[in-house]
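The values are calculated or read from the model by the stated rules, or taken from the named source; none is laboratory data. Keep in mind it's a predicted model, so treat the numbers as computed, not measured. Note that we place each Cβ from the backbone using ideal geometry, even for glycine, and neighbour counts take in every protein chain shown. Please note that ligands, DNA and RNA were not included when accessible areas were found on the heavy atoms of the full protein model with its side chains. Shrake-Rupley method; radii C 1.70, N 1.55, O 1.52, S 1.80 Å.
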Amino acid sequence: MAASLPVPESLAGAIRRAGESARGREVERALPVDVIRSLADEGIGRLRIPAAFGGFGLDWVHTTEVLLELAAQDSNIPQALRGHLAVQEEVLWRGVDGEAAASWLERFRTGEIAGNAWTEPGSGGYNRSGTIVSQGPEGPVVNGVKYYTTGSIFADWLDVTARDENGNELAVLVRRNQPGVHIEDDWTGFGQRTTGSGTATLTDAEVAEYEVRLLADRFPYQTALYQHVLLIVLAGIAEAAARDVAESLLTRRRTYTHANSTSPASDPQLLQAVGEVDATAALARAQVLETARALDAAFAARGADEAAQIAAANAAELATARAQVALHRPVLEAVTRIFDALGASGVDGAKALDRHWRNARTVTSHNPWVYKARIAGDHRVSGTDPVRLWSVGVPEGASK
């Protein structure tokens, strides 16, 4: 990982401290509420906001370097911030002028963060959100139920997909601290267990008029950004696995009579296993920094015509798709390989080394890579544009 980060030491220190209690949170399944609050207070939520508005003004490459370090400390936390990063990007894409921008720049400055609330449980919202925005007595209100609401339990705001009474698909930003919003930590996945990816129930939740917009009008590379954050998480898991296996081997004293050395730390076969994990971590980091450059190019197209914007967004979508396809197998193999270097004692539950595989397997199950491989192949063969905005659920009329 990088020796230094392009942020103040106060934030870098908060990132390091996030790792000190990460294993304990994993074992106890304790949500990192205080940790995320500390990171937000130190500025994790304003990495890309211009310095004139209290941020750090980072591009995506440098933002990625910061998030890679955070992911290596606790892979759950960058994923919990994924929705916030998208809201931050939307504000920057639209520009810093106007009422909505002024409100959000002030919220970023004071450490407020946003969470994600797009996916719906059960049959879901296949091409049609079941969450509805309608006019209440005092303005728009939102009603619906969302699942996989990653990060929302830690957040001040929810980024919610919905539709209006005319069937238009929308994105609305809803303040969490109001009677109509209830969030439950009922995520039961075996990995990434402390991302706060449970259920959000919206009951006549109020929303400001200026916080309602067409989903398709948001910045055009939003799905690439979401996937990029998952790639950061995956690369951070690989780095954490390399770190943990190296530390464990260095202090290991037990060995076998048929080993190559009386010291495990100098056994060439065990060192080879660690080297393979280390190489995979380096590969993942390099690949993710490359996809960050595609996001920077997509943002740079903001002032260009629509065709150029879409072309840059498509390039970012393809970049993240290829990275997802390319990295999932090496990382999953690497986080299993650590046990070849440590033997049976490596599976001691107190060490929680299994979290690396569980977390990597969970992250690679998002946005299935098999579809991304097909999309990348279709583009290579026929020049077909990638799908940039999708939903998940049961199609109407589908057989049981």
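What to note about this one:
- Global form of the range 356-400, assessed from the alpha-carbon gyration tensor, a/c cut-off 1.5: oblate
- Local electrostatic count, TYR371, Cβ distance below 14 Å [Lys/Arg +1, Asp/Glu -1]: +2
- Spherically averaged projected area in nm², based on the convex hull that wraps the Cα atoms of the chain: 21.7 nm²
- The range 361-400 - percent of accessible surface contributed by carbon and sulfur, probe 1.4 Å: 55 percent
- Shape class for the range 195-244: oblate, because the ratio a/c of the largest to smallest gyration tensor axis (alpha-carbon atoms, square roots of eigenvalues) is 1.5 or more and b/c is at least a/b.
- Fully extended contour minus Cα-Cα distance, from LYS351 to TYR126, at 0.36 nm per residue: 76.9 nm
- Rounded to the nearest 500, the 222 nm mean residue ellipticity of the chain from helices alone is -16500 deg cm²/dmol, with -39,500 (n - 2.57) taken per DSSP H run of at least 4 residues.
- Taking 0.36 nm per residue of sequence separation and removing the Cα-Cα distance, the ASN260/VAL392 pair yields an extension gain of 42.3 nm.
- Rel. contact order, % - alpha carbon contacts under 8 angstrom, at least six apart, the chain: 17 percent
- For the chain, modelled as a GNM whose springs connect Cα atoms under 10 angstrom apart, the maximal fluctuation among LEU230, LEU250, LEU170 occurs at LEU250.
- Take every Cα pair under 8 Å whose residues are at least 6 apart in sequence, average their separation, divide by the length of the range 4-85, and the relative contact order is 34 percent.
- Share of carbon and sulfur in the accessible heavy-atom surface of the range 1-140 [1.4 Å probe, %]: 47 percent
- Fully extending the segment from PHE190 to ASP340 would add 51.8 nm, taking 0.36 nm per residue of separation and subtracting the current Cα-Cα distance.
- Centre-to-centre separation between the Cα atoms of the range 94-168 and those of the range 39-87: 20 Å.
- Of ALA344, ALA281, ALA117, the residue with the greatest mean-square motion in the GNM of the chain, using alpha carbon springs below 10 Å, is ALA344.
- Probe 1.4 Å, protein heavy atoms only - accessible area per residue of the chain in square angstrom: 43 Å²
- Cut-off 14 Å between beta-carbons: net charge of the residues surrounding ARG322, Lys and Arg +1, Asp and Glu -1: +2
- Surface composition of the range 191-314: carbon and sulfur make up 53 percent of the accessible area, probe 1.4 Å.
- Under the span-like rule (Cα at least 30 Å along the axis, Kyte-Doolittle mean at least -1.0), DSSP H helices of the chain: 222-251, 268-300, 306-342
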